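Here is the structure we will look at, set down as structure tokens.
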Amino acid sequence: MIHKRLLLSVAWAAAVSLGFAWNALPARAAVPPKAPLKAEPFSLKQVRILDGPFKHAMELDHKYLLSLDVDRLLHAFRVNAGLPSPAKPLGGWEELKSEVRGHSVGHFLSACALMYASTGDEALKAKADRVVAGMAECQAKMGNGYLSAFPEEFIDRVEACKPVWAPWYTIHKIYAGLVDMYVLCGNKQALEVVTKACDWVKARSDKLSDEQMEKMLGNEHGGMNDVLAEVYALTGDEKYLKLSQRFNHHAVLDPLAKRQDRLTGLHANTQFPKILGAGRQYELTGRDDLRTVAAFFWDVVTKERSYVTGGNSDGEMFTAKEHLSQHLGQNTTETCNTYNMLKITRQIFTWDPKPEYADYYERTLYNQILASQNPETGMVLYYLPLKTGVPKVFSTPTDSFWCCVGTGMENHAKYGDSIYFHDGQKTLYVN
């Protein structure tokens with residue numbers, strides 16, 4: 001074994017232990033990548049965080065995940081499916097009148113899967129398994145594969161380009177959580193549920209022309225292209241890859257493929273999951289234009305649209321990159337953006353393991369992700385303000401559930417991620 005490159009600080013690497021073995025864990029993917037991957041990450045199950053601020057943050061998150069009640073998490077799903085639920089509804093963005101109810105439950109599943117891989121806690125896995133079983137029961141009651149905490153009528157509205165708050169975004173989070181439960185926890189029921197749900201997506205989308213799809217994608221839709229590509233990778237069924245490609249938002253992706261930056265004025269976090277999906281499609285198809293989308297986006301955002309912390313945006317928007325200094329406000333650097341930028345960074349590092357990618361990952365992990373959690377309570381930030389004197393505003397345990405609470409559940413469950421990579425033979429990359 002040759003330690004060929006040492007990337008970034010030894011301080012972070014010293015805070016973890018690693019079980020060295022190439023490909024020690026079985027891959028669940030049915031479709032191998034067609035694009036050449038120069039570096040592969042070690043599984044979270046092979047890395048353990050030792051004492052330090054990262055482990056402290058992870059333990060606070062672990063405690064929070066264990067504190068959430070399964071029946072309360074499933075309440076809106078059961079109500080929507082017409083099943084009895086005596087549980088007290090959750091508050092914030094998960095209350096019954098919220099149009100994005102259910103998104104946090106998807107994040108909860110992803111976070112539990114990540115935390116299980118990071119710690120081996122069987123109690124947490126059992127709790128997440130119960131949520132999956134509850135979702136399966138709701139899906140069976142609905143009868144057509146549909147699964148969400150809001151009525152299918154929301155999809156009617158978004159297809160008709162009528163006002164509605166991001167139903168596909170919410171559905172993406174739910175599906176992504178199910179995928180993570182299968183990949184990281186081996187929950188076969190989760191794969192069964194998500195494939196049935198994807199079949200429902202196909203049945204809906206098959207009725208739409210390409211022009212109608214493109215108009216619909218003007219509404220925030222998360223990473224539907226990403227999760228559908230992942231279901232293709234897990235099942236080998238080409239219909240999911242084709243469906244994934246139908247969710248490519250050409251108004252945003254096509255200029256990036258031509259190395260054109262047209263991001264100013266766009267809602268920032270809406271764009272990141274689309275880029276991740278394009279990158280995943282590149283890995284599965286080998287299409288160079290999709291690689292360009294992700295690599296060019298990373299260059300533009302990190303080098304021209306980010307602050308020194310590694311975060312980006314003001315008031316959730318991509319502002320004019322020539323005037324970033326005029327946007328040092330109380331609503332800078334939305335945490336969800338940074339969560340997704342680190343995912344993109346990890347993705348493109350596997351294609352081309354440059355130190356600049358790892359440098360960005362480390363700087364941003366310390367300055368925003370670790371800083372986004374209250375080290376006493378474990379609650380998290382929506383924005384990390386860069387304006388002098390502005391206080392941090394943290395979430396509450398059961399009455400916030402903003403988007404950044406959902407990504408926050410995941411952020412602090414996976415600190416063992418992206419430290420060690422290998423090429424499957426003799427090269428070890430250490431962040």
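The values are calculated or read from the model by the stated rules, or taken from the named source; none is laboratory data. The model shown is predicted, which means the values in this text are computed figures rather than measured ones. With ideal geometry, Cβ positions are generated from the backbone for all residues, glycine too; neighbour counts draw on all protein chains shown. In case anyone asks, the SASA skips ligands and DNA or RNA and just uses the protein heavy atoms, side chains included. Shrake-Rupley method; radii C 1.70, N 1.55, O 1.52, S 1.80 Å.
Using every pair of alpha-carbon atoms in segment 30-79, split the distances into 5 Å bins beginning at 0 and state the percent of pairs per bin, rounded to integers. Going from the shortest bin to the longest, the percentages are 4, 13, 11, 14, 11, 11, 16, 15, 5, 0.
Kirkwood-type hydrodynamic radius, the chain: 21.8 Å, calculated from all non-identical alpha-carbon pairs.
Across E153, E40, E192, mean-square fluctuation computed from a Gaussian network of the chain (C-alpha pairs under 10 Å connected) peaks at E153. Considering every Cα-Cα pair within segment 256-316, what fraction, in whole percent, is farther apart than 17 Å? Distances greater than 17 Å cover 40 percent of the Cα pairs.
Annotation: per residue accessible area for the chain equals 39 Å², rounded to a whole number [probe 1.4 Å, protein chains only].
Here's the picture: charge each Lys and Arg Cβ at +1 and each Asp and Glu Cβ at -1 in segment 284-330, and of N312, S325, L284 the one pushed furthest to the positive end of that dipole is L284. In the chain, the DSSP beta bridges split such that about 85 percent are antiparallel, to the nearest 5. Quick one: plug the Kirkwood hydrodynamic radius of segment 381-431 (C-alpha pairs) into Stokes-Einstein at 10 °C, 1.306 mPa s, and report D in µm²/s. The calculation lands on 113 µm²/s. Distance from the alpha carbon centroid of segment 275-345 to that of segment 51-89 works out to 29 angstrom.
The lysine pair count for segment 193-277, using Cα distances under 18 Å and pairs eight or more places apart or on different chains, is 12. Leaving ligands, DNA and RNA out of it, report the carbon-plus-sulfur percent of the accessible area of the chain at a 1.4 Å probe. Of all accessible area on the chain, carbon and sulfur atoms account for 52 percent.
With both labels modelled 7 Å from their Cα along Cα-to-Cβ, the D71 to T388 distance reads 5.3 nm. Using the charge dipole of the chain (Lys, Arg: +1 at Cβ; Asp, Glu: -1 at Cβ; taken about the Cα centre), state which of F154, V380, W93 has its Cα farthest towards the positive end. Value computed over the given set: V380. A compact globular protein would have a Cα radius of gyration near 2.2 N^0.38 Å; the ratio found for segment 290-431 is 1.09. Find the percent of Cα-Cα distances in segment 129-216 that exceed 17 Å, and round it to a whole number. For segment 129-216, the share of Cα pairs beyond 17 Å comes to 49 percent.
When both segment 372-431 and segment 231-269 are represented by their alpha-carbon centers, they are found 25 Å apart.
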